[in-house]
Structure formats: C-alpha cells, structure tokens
Amino acid sequence: MTGRRAELLELVDAAQRVAGVIAARDRGDKDGAAQLLASLTDDGLLAQGALLLTDMLLQVHRVSTGDDVQTTLQQLSLQLEASVREAS
C-alpha cells in the first residue's frame, strides 16, 4: 500500500469513527461515544476526519435541500450563537 493510500484510509477511518461518535450520542450511548472518541488519539487526525465528515454531510444536505453550502453554514453559525446566548 502506498503512503498516500494509507493516509487516505486512515482519514476515512477517522471520519467513520467520528460518525460513530455522533450516532452513539444520538441513540443515548454516552459510554460508546466516549469509547469511540478515546480511540481517536491523534488530535490532528480527529480534526481532519471531522472535517471530511462535515464536508460530506454538507454536500448531502445541499443535494437533498437545494440549499447552498454557504447558506447552510450561515444558518448553523446563527444556531451556534443562539445556543451560547441561551446557555449564558
């Protein structure tokens, strides 16, 4: 296996584990989410996997809704700001 292919497989594995963390949280499995998250020991790889998953989810959302990515990101940003205000 080439170095580039190994890096890609590692990145995809990280993205799949991030998806697993989200799925575990959604079904209320806090222990499973924590275990999966702990398996991602490389912070850089965790960030890259999360970014890959986010990019893919945004594209799926764009295709499903017709909303462009920028509009979706603006809406998400506003929701994040509202969450912070509500928590204060």
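All of the numbers you see were taken from the coordinates with simple rules; none came from a lab. Model, not experiment: these values are computed from the prediction. As a convention, Cβ positions derive from the backbone with ideal geometry for all residues, glycine included, and neighbour counts pool all protein chains shown.
Some points to look at:
- Note on D13 and Q70: with the Förster distance fixed at 25 Å, the Cβ-Cβ geometry gives a FRET efficiency of about 0.25.
- Highest-MSF residue in the chain out of V12, V69, V21 [GNM, Cα springs under 10 Å]: V69
- Computing mean projected area of the Cα convex hull in nm² directly from the structure and comparing it against (i) 6.2; (ii) 5.8; (iii) 7.8 singles out (iii).
- Crossing angle, helix 43-65 versus the chain [Cα axis fit, 0-90 degrees, rounded to tens]: 50
- Helical runs assigned H by DSSP (4 residues or longer) give the chain a calculated mean residue ellipticity at 222 nm of -29000 deg cm²/dmol, each run adding -39500 (n - 2.57) before division by the residue total.
- In order through the stretch 67-81: 3J(HN,Hα) via Karplus (6.51 cos²θ - 1.76 cosθ + 1.60), integer Hz, x for Gly, Pro: 6, 6, 4, 4, 5, 4, 5, 5, 5, 4, 4, 5, 5, 4, 4
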